[in-house]
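Only one structure is covered here, and it is reproduced in the block below.
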Amino acid sequence: MTSVSPRPGPIRVGVVGLSASGGWAATAHVPALAGLDGYELRALSASSDESARAAGEKYAVPLTFSSAEELARSEEVDLVVVTVRVPQHLELIRPALEAGKMVFSEWPLGADLAQAEEMADLAHRRGVLTAVGLQARSAPPLRYLRDLVAEGHVGRVLSTSMLGSGGYWGATYDDSHAYLLDVTSGATLLSIPFGHSLDALAMVLGEFREVSAHMENLRPQVTHVTSGAVAAKSAEDQIAVTGLLESGAVAAMHFRGGASRATGFHWEINGAEGDLVVKADQAQWWWGRLRLYGAGGNDGALTELPVPPRYQRSLTQWTERSAEPAYNVAHEYALLRDQITGSLAPDTDGVPDFRHAVRRQGMLERTREAARTGRKVTLAEQGS
């Protein structure tokens, strides 16, 4: 686990990709930082001076830059947060790493495994702390779920099954998400919804030992939501993966493009002595608002399992905000803050770093290989 000794005072953050018109940085990162002690949103960069100034005025950010390179060179920035689309990650993260700055990148880290490896290697050579936005690992309900499994709430885990949707990659698209149609963008049903979910499953139950997979593009043409224009889609919209976990438990994951009227997200863990269930209404379940249920012994039905207050990590201001997209992001920032300052409790794991992202993207590529070849693939040394 890596920690650094920053200058006294709050960690000064510079965000690459914060726009006055909104987006993920505005929706999640700005509220998360504002709702935590120990951080100061000090700077931002955008694609032009004008857009940077507009964002700076809207979010009261004192320093604005028209390039990520300028932001990375600023002595007023300790932590660079990159929230742009995946295809731009490499070109915008590299300057921050070369400047020796700590970097928090949104997931996926790279458009492909090679890009992720390049960034992780550069970060290692520069000796800088990194983080990647796999925020489900920081979610209080999932940390509680992991402990329930480890403490034997269901006995030996026999199987697990997960059903989810993508939200995007359905029958329609809009201008801001047109890039998701291209499988080479790196922003796909596999890398984003499936990737977030796979990482959460591995955190709770352990890594996959072997997988078999099907990935299909059953909607090769999709329609624009307003104009009706038809566009080609090369990205998959159906993913079905089965396999064995390192524990020997059987696992199945099915993710569908678009939305389902029936199920937003459903995850079962079935053990020799009980069952656990995670539910969410929205496709982007890793944002927050998860519900846990369990049953064991002679229980005839599942009952809801409230998350004990200790899993909030003293973030009492977030207790009633679990429906917000910033909820799990705030918990990841809290862990990152404690890791940076060296105040993370000895028995608490920190945030996933770039090396973790490489391992996870490597597993996704091996899963794609299983689908492409129609063969079972062994995932040796893919654990985190």
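The values are calculated or read from the model by the stated rules, or taken from the named source; none is laboratory data. All values reported here derive from a predicted model rather than from experimental measurement. Heads up, the Cβs are rebuilt from the backbone with ideal geometry, glycines too, and the neighbour counts pull from every protein chain shown. Accessible surface is based on the protein model in full, side chains and every heavy atom, while ligands, DNA and RNA are left aside. Shrake-Rupley method; radii C 1.70, N 1.55, O 1.52, S 1.80 Å.
The helix-based estimate of mean residue ellipticity at 222 nm for the chain, built from -39,500 (n - 2.57) per DSSP H run of four or more residues and divided by its residue count, is -8500 deg cm²/dmol to the nearest 500.
Out of the GluC sites (Glu not before Pro) in region 114-181, which ones are loop residues according to DSSP with at most 12 other C-beta atoms within 10 Å?
Hits after loop and neighbour filter: GLU151.
What's the FRET efficiency of SER66 with GLU320 using the Cβ-Cβ distance as r and R₀ = 35 Å, to the nearest 0.05? Before the final figure, lay out the partial values.
Numbers: r = 39 Å, r/R0 = 1.10.
Here the calculated transfer efficiency is 0.35.
Among the chymotrypsin sites (Phe, Trp or Tyr not before Pro) within region 1-90, not one is in coil by DSSP while having at most 14 neighbouring Cβ atoms inside 10 Å. Between ALA232 and TYR179, the contour length at 0.36 nm per residue exceeds the Cα-Cα span by 18.0 nm. For the chain, a crude dipole built from +1 on the beta carbon of Lys and Arg and -1 on the beta carbon of Asp and Glu, taken about the Cα centre, is about 280 debye to the nearest 20. A simple spin-label model places pseudo-atoms 7 Å from Cα toward Cβ; at GLN221 and ALA262 they are separated by 2.8 nm.
Treat each spin label as a single point 7 Å out from the Cα along the C-beta direction, and report the GLU365 to ALA150 distance in nm. Inter-label distance under the simple model: 3.0 nm. Taking each residue as 0.36 nm, the span from ARG291 to VAL250 lengthens on full extension beyond its C-alpha to C-alpha distance by 12.4 nm.
Mind putting a number on the dipole of region 250-384 about its Cα centre? Charges go on the C-beta only, +1 for Lys and Arg and -1 for Asp and Glu, and I need it in Debye to the nearest 20. Before the final figure, lay out the partial values.
Numbers: 17 positive and 16 negative charges, 130 e Å.
It comes to approximately 620 debye.
Amide hydrogen proximity for ILE11: with H placed 1.01 Å from N in the peptide plane, the residues at 5 or more positions away or on another chain lying under 5 Å are TYR39, GLU40. Applying a DSSP loop filter and a limit of 13 other Cβ atoms within 10 Å to the trypsin sites (Lys or Arg not before Pro) in region 137-171 leaves ARG156.
FRET efficiency for the pair ASP49 and ALA114, taken as 1/(1 + (r/R0)^6) with r the Cβ-Cβ distance and R0 = 45 Å, rounds to 0.85. For region 1-103, the pair-distance distribution built from all alpha carbon pairs, in bins 10 Å wide starting at 0, is 16, 52, 29, 3, 0 percent. Charges were assigned to the Cβ only: +1 to each Lys and Arg, -1 to each Asp and Glu. The resulting dipole of region 130-234 about its Cα centre is roughly 180 debye. Approximating the spin labels as points 7 Å out from Cα along Cα→Cβ, the TYR311-to-GLU76 distance works out to 4.0 nm.
Let me check against my output: what whole-number percent is the relative contact order of the chain, with C-alpha pairs under 8 Å and at least 6 apart? Can you show the working numbers first?
Details: 842 pairs, mean separation 76.1, N = 384.
So the answer I get is 20 percent.
Percent relative contact order of region 183-247, based on C-alpha pairs within less than 8 angstrom and at least six residues apart? Display every interim value, and only then the final one.
Working: 82 pairs, mean separation 26.9, N = 65.
After rounding, I find 41 percent.
Heavy-atom accessible area, probed at 1.4 angstrom with all protein chains present, ranks ASP353, ASP37 as ASP37, ASP353, highest first. Other residues whose C-beta falls under 11 angstrom from the C-beta of VAL13 contribute a net charge of +1, scoring Lys and Arg +1 and Asp and Glu -1.
If we count every other residue with Cβ under 11 angstrom of ASP199's Cβ, Lys/Arg +1 and Asp/Glu -1, where does the sum land? Mind dumping the intermediate values first?
On the way: positive: ARG137, ARG359, ARG360; negative: GLU207.
Within the 11 Å Cβ shell, the charges total +2.
Counting only DSSP beta bridges whose two residues both lie in the chain, roughly 60 percent are antiparallel.
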